[in-house]
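The block underneath contains the structure these notes are about, expressed in structure tokens.
The values are calculated or read from the model by the stated rules, or taken from the named source; none is laboratory data. It should be emphasised that the depicted structure is a prediction, and the values quoted were computed from it without experimental measurement. So basically every Cβ, Gly included, is an ideal-geometry build from the backbone, and we count neighbours across all protein chains shown. Side chains are part of the model used for accessible areas, which takes the heavy atoms of the whole protein and leaves out ligands, DNA and RNA. Shrake-Rupley method; radii C 1.70, N 1.55, O 1.52, S 1.80 Å.
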Amino acid sequence: MVLRDKIAIVTGGSRGIGKAICEALARQGARVVIFDVNAAELQNCVTELKAAGFDAEGYEVNVAQADKVEEAVAGVIDNLGRIDILVNNAGITRDTLLMRMKEEDWDAVLAVNLKGVFNCTKAVSRPMMKQRSGVIINISSVVGLMGNAGQANYAASKAGIIGFTKSVARELASRGVRANAIAPGFIVTQMTDVLSDEIKGELQKQIPLGRLGQPEDVANLVVFLASDNASYITGQTIAVDGGMVMH
Ligand code: NAI
């Protein structure tokens, strides 16, 4: 178990990729704290993790609200004493072509996907700097690297995460805190369930490894980056996309 007794916060951890990340971290011995805005799914996920014998708890938090995030992080420190790992995974889409994109579509996506990452990272940075250790992992997207028609808001938020990650990595490196981003390709979750079979088929053709990804494909990299096996890696963006984007 490479993460024995580590305290990990996973935002948006109640389903999809976030849930797989929670399970993978817990299997490696971490104590998992989920921040999620969906109270019912949060409750279900915590109950499931506990039933599987893992150590888990949930906080109903909207990551876009700085004061709520600060409160929840203070709660974790009060209860558990430290924070070793933060996985900024919460994200939403409001897809439409630029011409039809409303200001609310832009603001909502940027508020959760980018400001949410800022809020959570800022809140944990103080305890991590004090501890002189910590790992921050931000879930970006290949769309942040390639762009995608119909996702200008989402792509901007995910590209923003990459610049943010590099800056945080530079600021916190001397305090023993590492920050990296993961850029998943097309992963099978409720977020991508909405795509038609035709679009999924088209996407598959663009993936050298010939299949859509599974949440576990992302979770496996999170475990590696969170562990001491990645102690010399910071400021990077690593794609988990079956080879769609090659640098
Ligand atoms: P999902 O929609 O299945 O799960 C997202 C989770 O985030 C849900 O539990 C939701 O309740 C939570 N959430 C949403 N807004 C929140 C807020 N304001 N505060 C707290 N929690 C909030 O999505 P999925 O597919 O699991 O995606 C997870 C992350 O991976 C997202 O950041 C997404 O952009 C990213 N990603 C997903 C890809 C995919 O193909 N599924 C590809 C590339 C990136």
**Q.** the range 11-23 residues that are near the ligand (Cβ under 6 Å from one of its atoms), paired with ones that are polar (S, T, N, Q) and open to solvent by less than 10 Å² (accessible area, probe 1.4 Å) (beta carbon under 8 Å, 6 or more apart)
**A.** T11/N88; G18/T11
Q) If you check every pair at least six apart or on different chains, which have Cβ atoms under 7 Å apart with a residue in the range 234-247 that is closer than 13 Å to V143 by Cα first and a residue that is among the hydroxyl-bearing types (S, T, Y) and in a loop (DSSP other than H, G, I, E, B) second? A) T237/S140
Q: Among the residues of the range 201-212, write down those that are away from the ligand (no atom under 11 Å from the Cβ) and on the phi < 0 side of the Ramachandran plot.
A: G201, E202, Q204, K205, Q206, I207, P208, L209, R211
(Q) Anything in the range 213-236 that is open to solvent by 30 Å² or more (accessible area, probe 1.4 Å) and either of a type in the set (G, A, S) or within 16 Å of the ligand (Cβ to nearest atom) (or both)? List them, or say none. (A) Q214, E216, D217, N220, S231
Q. Given the residues A183, A173, which is the only one that is open to solvent by 30 Å² or more (accessible area, probe 1.4 Å) and either in contact with a Pro (Cβ under 8 Å, 6 or more places away or on another chain) or over 24 Å from D67 (Cβ atoms) (or both)?
A. A173
